[in-house]
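Here's the structure, in structure tokens; my notes come after.
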């Protein structure tokens, strides 16, 4: 949860600083960061990470407290389109790459260092959605075990394709300089494509609500119902 908000608040605040304040897509995030202290107070508020955090949190609440997950069906199609758009844009950035030749043998070799642990933690975090199985099954249209199995299969295929594609393209673009936070790499590149990639990724994060939000929603509603109606106590 902390990782989710750190990434999206940092990205949005820097985009605000780059587009709204400087209006220059040819500057990197590091160059803009050094100038933030010299901006007027209102500009510092707009480009502040806390402002972005409050904005994202407010928008998320509108979706989290929907009555049924089925109401997010159309939103899921938008999210899927944005994901493929993101992959297409980083492919464009790959084709624009004019740097030195990469050492592919070095890229394919496994390094026994702390980054290997980072890779495992990323995969564990990425695929930790088992607590959403039962809520998702309840909201499934024409629910059955077979239909849910196929839904799970295709969701894993799409998810894995997006994850692996981003990782492979990131390595091909940045080589040894690739970081666990891919946006940190993208922000070092100049041009409108870099800005557009980060903007699209913000939409990816906004539509891709962490699954644990829905679990927390259920806990919150149960506690509210218990305080107001004591339904659980009466039932027990």
When segment 134-146 is checked residue by residue, the ones that are surrounded by 12 or more Cβ atoms within 10 Å (Cβ to Cβ) and under 27 Å from the mean Cα position of the chain (by Cα) are 135, 136, 137, 139, 140
Residue 154 fails exactly one of the following numbered conditions: (1) at pLDDT 85 or above; (2) buried (at least 16 other Cβ atoms within 10 Å of the Cβ). What is the number of that condition?
-> (2)
Which residue pairs have Cβ atoms under 9 Å apart, sit 6 or more places apart or on different chains, and have a first residue in segment 59-78 that is under 21 Å from residue 202 (Cα atoms) and a second that is modelled with pLDDT of 75 or more and part of a loop (DSSP other than H, G, I, E, B)?
-> 73/141
What do you reckon, is residue 67 at pLDDT below 80, loosely packed, with under 12 Cβ neighbours inside 10 Å and within 19 Å of residue 154 (Cα to Cα)?
-> no
Quickly run through segment 32-57 and pick out the residues that are part of a helix (DSSP H, G or I), touching a helix residue (DSSP H, G or I) at 6+ places or on another chain (Cβ under 9 Å) and at pLDDT below 75.
-> 32, 33, 36, 37, 43, 44, 46
Residue in segment 121-139 that is at pLDDT 80 or above, within 28 Å of residue 190 (Cβ to Cβ) and touching a helix residue (DSSP H, G or I) at 6+ places or on another chain (Cβ under 8 Å) present = no
Residues that are farther than 30 Å from residue 111 by Cα and in contact (Cβ under 8 Å) with a residue 24 or more places away in the chain: which helices (runs of 4 or more DSSP H) entirely in segment 130-236 hold 1 or more of them?
-> 133-139, 192-207, 212-229
The residue from 89, 15 that alone is part of a helix (DSSP H, G or I), modelled with pLDDT of 80 or more, surrounded by 13 or more Cβ atoms within 10 Å (Cβ to Cβ) and touching a helix residue (DSSP H, G or I) at 6+ places or on another chain (Cβ under 8 Å) is 89
Conditions (1) under 25 Å from residue 201 (Cα atoms); (2) at pLDDT below 85; (3) assigned to a helix (DSSP H, G or I): number failed by residue 99 = (3)
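The values are calculated or read from the model by the stated rules, or taken from the named source; none is laboratory data. Nothing here was measured: the structure is a model prediction, and the numbers come from that model. Backbone-built Cβ (ideal geometry, glycine too); neighbour counts: all protein chains shown.
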